[in-house]
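Quick note: the coordinates plus some simple rules give every number you see, no bench work behind them. Note that the structure is predicted; figures quoted are calculated from it, not measured. Virtual Cβ from ideal backbone geometry, glycine too; neighbours counted across all protein chains shown.
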């Protein structure tokens, strides 16, 4: 018979206080008490929400920045795990997922609209036992949802036509700067446009996300201009999609926001090229994305896209090295992703405000920007500080580089 958590807490505290005068207790003892209580608290949690990096790093074992791994392991061992958007994992993060599947024998659900064949093969091999594939409704997957159109330049006339009839347009760019330029162009044309990307302070990003989602719910035309954040975080149904060519998995995720509620017939998806090779997509990824678009001449359903992925010969090389599992006493914090092209910074224009805040509030003012020419910048609390003569910020546009 189990003992209620509250009873355990009460007994634990009573026992500790009987043995010690709390005011005279050494610091290490008080810390141990706190960790013990926190471990009991987490075992009572029915649900813990985290990102993939947090789960794979077992960050759920660290509560309020206090390492309680030894105390909380029973709660983790008896848990079930859900990993969503697996398609967006780079080879290092996907390798960490494979090690997690190898070591943690618990109920695990992996979710994605675009698993690649090599990913499914690697998962099956790692688990070492039969796995259940949960497919979507065959009827829904067979509904004709998309018509692909490719042009060398974005078709503004088609966008304006869609909006004039009350349509809802999602425009996805590959870089923040490109999205800002498209947004400025849309506003100059007098269109009802909203902008959403990752280069906002936390509060502003939440507001822009809400503006996009709420805008698509209202009975009026709207043009949402976004970056890759649209691939995962936006639950909406567009009547027209405009997108730069990206990698196949990314394009399929973007298409998942077009005709999502299904309007009874196929809707147009307009694609145009991205000349900035390597930011963030390689030439091969862009070529593969164009192959996907060129492959289909008629109306396309979700099953068609899944079959195209299954027939592709793309192979990945996941990095399964794990500091946590292989480092023994040398374990140390490290990144679960490949080093990217962005760094997290503070803006010089925010420093006066930031210096008056407690340390835990500082991350709310951080923004990711391209990692270039930052080594000579001043730092505050380990964050590089982007100079005002190079980087500016507005709640409307987010952080943007000043063009000279």
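Calculate, in nm to one decimal, what residue 282 and residue 210 gain on full extension: separation in residues at 0.36 nm each, minus their alpha carbon distance.
22.7 nm
With each pseudo-label sitting 7 Å past Cα toward Cβ, what's the residue 150-residue 313 distance in nm, one decimal?
According to this spin-label approximation, the distance is 1.9 nm.
Distance from the Cα centre of the stretch 350-404 to that of the stretch 128-152, in angstrom?
For the stretch 350-404 versus the stretch 128-152, the Cα centre distance is 41 Å.
Sorting 201, 303, 145 on the 10 Å Cβ count, fewest up front, what's the list?
303, 201, 145
Share of antiparallel DSSP beta bridges in the stretch 143-300, in percent to the nearest 5?
Around 5 percent of the beta bridges assigned by DSSP in the stretch 143-300 are antiparallel ones.
Which distance in nm do the two modelled labels at residue 375 and residue 359 give, with both placed 7 Å along the Cα-to-Cβ direction?
2.8
If the chain between residue 160 and residue 105 were fully stretched, how many nm would it gain, using 0.36 nm times the residue separation less the Cα-Cα distance?
That works out to 14.5 nm of additional length.
Taking the mean number of other Cβ atoms within 10 Å as a proxy for protection, how do you rank 257-266, 90-99, 120-129, 169-178 from highest to lowest?
Highest mean packing first, the order is 169-178, 90-99, 257-266, 120-129.
Using the number of other C-beta atoms within 10 angstrom as an exposure proxy, rank 374, 146, 196 with the fewest first.
374, 146, 196
What order do you get for 168, 207, 151 when you list them from fewest to most C-beta neighbours inside 10 Å?
Fewest-to-most Cβ neighbours within 10 Å comes out as 151, 207, 168.
Highest mean first, how do 291-302, 233-244 rank when packing is the count of other Cβ atoms within 10 Å averaged over residues?
Descending packing order for the listed peptides: 233-244, 291-302.
Per-residue counts of other Cβ atoms within 10 Å, averaged by peptide: what ranking do you get for 398-404, 226-232, highest first?
Per-residue mean Cβ counts within 10 Å order the peptides as 226-232, 398-404.
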